[in-house]
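**Q** Quick one: structure below, then a few questions.
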Amino acid sequence: MKESIISDFPEYKINELGEVYSRYKFKTNIVTSEWRLVKPVLDKGVGYYLVTLVNAKTKVRKNQFIHRLLCQAFVPNPLNKPHVNHIDGNKQNNSLSNLEWATHKENAQHAVDTGLNTYTHCEKAVFQFDTEGNFIAEFKSLQEANNVTGVAKQNISKVARGIRPRAGNFVWKYK
């Protein structure tokens, strides 16, 4: 099985299964010749497994996600893409066959394509009124209002937030 020393943290190595080993002892700040398994922790806020690494020389501590360490060690990145994508959408599946390098846009699009993110939480309903205050329509989002009326969504938002009085000769209010 392949192993790779983790750059910036030479007292640690990772194998193809995502197991991280250390020869650094926290309490005594000693580097030994014996490698021991480091138990990963699930970061419940983001859903990824991570380990805390310490550089024995600089004493710099850093949390590192297992999926990123795996990709840095074993997945070529000729286009220098900055993000790691879990192909099956499971953030805890760190199998090498499930990881790929991606741009931010590719990663976000993958989340939408696989149904992991619908962005409906970003939608805010908006009401359209004429200048006399008569209700005209309700739209599920600024984008929908923009598409139907041709009024720029950023201008609709400014009216709904009270920054300007009108946009497209309409008054707009959030639901």
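**Q** How about region 105-150: which of its residues are farther than 30 Å from His67 by Cβ, touching a residue at least 24 places away in the same chain (Cβ under 8 Å) and among the charged types (D, E, K, R)? Quick ask: steps written out before the conclusion?
**A** Kept after step one, since they are farther than 30 Å from His67 by Cβ, are these residues of region 105-150: 124-150.
Right, trim to touching a residue at least 24 places away in the same chain (Cβ under 8 Å) and you get 124-131, 133, 136, 138, 145.
Matches in region 105-150: Lys124, Asp130, Glu138.
**Q** Now for a different question. State all residues of region 92-107 that are part of a loop (DSSP other than H, G, I, E, B) and either among the hydroxyl-bearing types (Ser, Thr, Tyr) or in contact with a helix residue (DSSP H, G or I) (Cβ under 8 Å, 6 or more places away or on another chain) (or both); if no residue qualifies, say none. Spell out how you get there, then give the answer.
**A** Going through region 92-107, the residues part of a loop (DSSP other than H, G, I, E, B) turn out to be 92-95, 103.
If the condition is that a residue be part of a loop (DSSP other than H, G, I, E, B) and either among the hydroxyl-bearing types (Ser, Thr, Tyr) or in contact with a helix residue (DSSP H, G or I) (Cβ under 8 Å, 6 or more places away or on another chain) (or both), then Asn94, Ser95, Thr103 are the ones that fit.
**Q** A follow-up question, please. (1) in contact with a His (Cβ under 6 Å, 6 or more places away or on another chain); (2) among the small types (Gly, Ala, Ser); (3) touching a residue at least 60 places away in the same chain (Cβ under 8 Å): which one isn't true of Ala102, the others all being true?
**A** (3)
**Q** Another question, then. On the basis of being open to solvent by 70 Å² or more (accessible area, probe 1.4 Å) and assigned to a strand (DSSP E or B), does Glu138 make the cut? Before the answer, list the steps.
**A** On the way: open to solvent by 70 Å² or more (accessible area, probe 1.4 Å): yes; assigned to a strand (DSSP E or B): yes.
Spelling it out, Glu138 is indeed open to solvent by 70 Å² or more (accessible area, probe 1.4 Å) and assigned to a strand (DSSP E or B).
**Q** For region 1-21, name all the residues that are more than 9 Å from Ala73 (Cα to Cα) and among the aliphatic types (A, V, I, L, M).
**A** Met1, Leu17, Val20
**Q** Name the single residue, out of those in region 124-135 being out of contact with any helix residue (DSSP H, G or I) (no Cβ under 8 Å at 6 or more places or on another chain) and either part of a strand (DSSP E or B) or not polar (S, T, N, Q) (or both), that is farthest from Lys173 (Cα to Cα). Full working, then the answer.
**A** Our first condition is that a residue be out of contact with any helix residue (DSSP H, G or I) (no Cβ under 8 Å at 6 or more places or on another chain); within region 124-135, this holds for 125, 127, 129-135.
Applying the additional criterion that residues be either part of a strand (DSSP E or B) or not polar (S, T, N, Q) (or both) yields 125, 127, 129-130, 132-133, 135.
Numbers: Ala125: 9, Phe127: 5, Phe129: 8, Asp130: 11, Glu132: 14, Gly133: 11, Phe135: 10 Å.
Applying the filter and picking the extreme gives Glu132.
**Q** Return only the number of the condition from (1) in contact with a strand residue (DSSP E or B) (Cβ under 9 Å, 6 or more places away or on another chain); (2) farther than 30 Å from Ile14 by Cα; (3) surrounded by 15 or more Cβ atoms within 10 Å (Cβ to Cβ) that Pro165 does not satisfy.
**A** Of (1) in contact with a strand residue (DSSP E or B) (Cβ under 9 Å, 6 or more places away or on another chain); (2) farther than 30 Å from Ile14 by Cα; (3) surrounded by 15 or more Cβ atoms within 10 Å (Cβ to Cβ), only one is false for Pro165: (3).
**Q** Quick check: anything in region 41-52 free of Cβ contacts under 8 Å to residues at least 12 places away in the same chain and aliphatic (A, V, I, L, M)?
**A** Yes, region 41-52 contains a residue that is free of Cβ contacts under 8 Å to residues at least 12 places away in the same chain and aliphatic (A, V, I, L, M).
**Q** Follow-up. With the requirement that a residue be open to solvent by 50 Å² or more (accessible area, probe 1.4 Å) and over 30 Å from Phe26 (Cβ atoms), what does region 53-81 give you?
**A** Pro76, Pro78, Leu79, Asn80
**Q** Take the residues in region 1-52 that are open to solvent by less than 50 Å² (accessible area, probe 1.4 Å) and in a loop (DSSP other than H, G, I, E, B); name whichever of them is nearest to Lys91 (Cα to Cα).
**A** Gly47
**Q** Here is a further query. Report the residue count in region 53-91 for those that are part of a strand (DSSP E or B), more than 20 Å from Pro10 (Cα to Cα) and touching a residue at least 24 places away in the same chain (Cβ under 8 Å). Give the steps one after another, and end with the answer.
**A** Restricting attention to region 53-91, the residues satisfying the condition of being part of a strand (DSSP E or B) are 53-54, 61-65, 83-86.
If we keep only those that are more than 20 Å from Pro10 (Cα to Cα) too, we end up with 83-86.
If we keep only those that are touching a residue at least 24 places away in the same chain (Cβ under 8 Å) too, we end up with 83, 85.
So the answer is 2.
**Q** Are there any pairs, at least 6 apart or on different chains, whose C-beta atoms fall under 6 Å, with the first in region 151-171 and within 10 Å of Gln128 (Cα to Cα) and the second part of a strand (DSSP E or B) and of a type in the set (D, E, K, R), and if so, which?
**A** These pairs meet every condition: Ala160/Lys173.
The values are calculated or read from the model by the stated rules, or taken from the named source; none is laboratory data. Model, not experiment: these values are computed from the prediction. Note that we place each Cβ from the backbone using ideal geometry, even for glycine, and neighbour counts take in every protein chain shown. Quick note on the areas: whole protein, heavy atoms, side chains included, nothing else; ligands and nucleic acids left out. Shrake-Rupley method; radii C 1.70, N 1.55, O 1.52, S 1.80 Å.
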